[in-house]
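K.L.:
Please find one structure pasted underneath; my questions will follow.
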Amino acid sequence: MRCDEYRDRLDAYIDAELSPQEMSAVEAHLKTCELCAAEVPLQSRLKREVRLAGKAYAPSLEFRRRVEAAIAPPKKASRFRLWVPSLAMAAVLLIAALFGWNQVRPRSDATLAELVDMHVATLASASPVDVVSTDRHTVKPWFQGKIPFTFNLPELKDTGFTLVGGRVSYIQQQPAAQLLFQVRQHKISVFIQQERASGSVGDTAQSAFTVRSWKNAGLQYWLVTDANPQDAEALQKLLKSAS
């Protein structure tokens, strides 16, 4: 399959609308094609922007009526001419909403949404990690040469947590290590990236997910999970003790 054919499937891949075989094929291609892999976070961000803008900038009924009255065409206008003003106005409203949202939205909110989306995509993936191992001494060396930093992992014996594996991800188009842990039936994604001035989000909750964030030794950590906050705090303490 050619590269452009894979790109045509990225939209359905992000929405998990492909068959398991197609999802696996696209994931295998993304591991070998940097251009297509870079498109995934960009398309995911566009989807989030449109969705959030639609919620934040829904016009009132009064505004809709004024717009409809202003663009009302003559009664004898052709069907094509009836559509043109409405489409043009819709495009203007969407562009204005996206621009306005980008201007007022804190960068941390964008990072938070991106982290949660990446965690959800990982849970839905047939191959959530590229290196599969419960051994920290196997997972940590796997990242060497793939990311421009190193990190430490804690000993998890008798803690209730299990290391599933890891993969390379991108946050705000910058490389990051994504580690996947399990506690009982819940998965926990831990993202590690070189510290950036605008890269931090505070501890918070978005929908059913808990997000924890901290910095240490020049690295930025994010933890995302649907497990209870006590589990999130316990794993955070283990990771901090290993740093």
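Conditions tested, residue by residue: (1) in contact with a Lys or Arg (Cβ under 9 Å, 6 or more places away or on another chain); (2) under 23 Å from residue 113 (Cα atoms).
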{"site": "163", "(1), (2)": "yes, no"}
{"site": "170", "(1), (2)": "no, yes"}
{"site": "173", "(1), (2)": "no, yes"}
{"site": "176", "(1), (2)": "no, yes"}
{"site": "184", "(1), (2)": "no, no"}
{"site": "193", "(1), (2)": "no, yes"}
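K.L.:
Return yes when residue 43 is at pLDDT below 80 and part of a helix (DSSP H, G or I) and no when it is not.
P.N.:
Yes: the conditions hold for residue 43.
K.L.:
Mind listing whichever residues of the range 137-151 are touching a residue at least 40 places away in the same chain (Cβ under 8 Å) and surrounded by fewer than 13 Cβ atoms within 10 Å (Cβ to Cβ)?
P.N.:
Selection gives 148 alone.
K.L.:
Would you mind stating whether residue 127 is within 23 Å of residue 231 (Cβ to Cβ), of a type in the set (Ser, Thr, Tyr) and not assigned by TED's automatic domain parsing to the domain that holds residue 22?
P.N.:
Spelling it out, it is not the case that residue 127 is within 23 Å of residue 231 (Cβ to Cβ), of a type in the set (Ser, Thr, Tyr) and not assigned by TED's automatic domain parsing to the domain that holds residue 22.
K.L.:
Residue under question is residue 122, and the condition is that it be modelled with pLDDT of 95 or more and either part of a helix (DSSP H, G or I) or not assigned by TED's automatic domain parsing to the domain that holds residue 233 (or both); does it hold?
P.N.:
no
K.L.:
Check whether at least one residue in the range 83-95 is modelled with pLDDT of 60 or more, β-branched (Val, Ile, Thr) and not in a loop (DSSP other than H, G, I, E, B), and report yes or no.
P.N.:
no
The values are calculated or read from the model by the stated rules, or taken from the named source; none is laboratory data. Not measured: the values here are computed from a predicted model. So basically every Cβ, Gly included, is an ideal-geometry build from the backbone, and we count neighbours across all protein chains shown.
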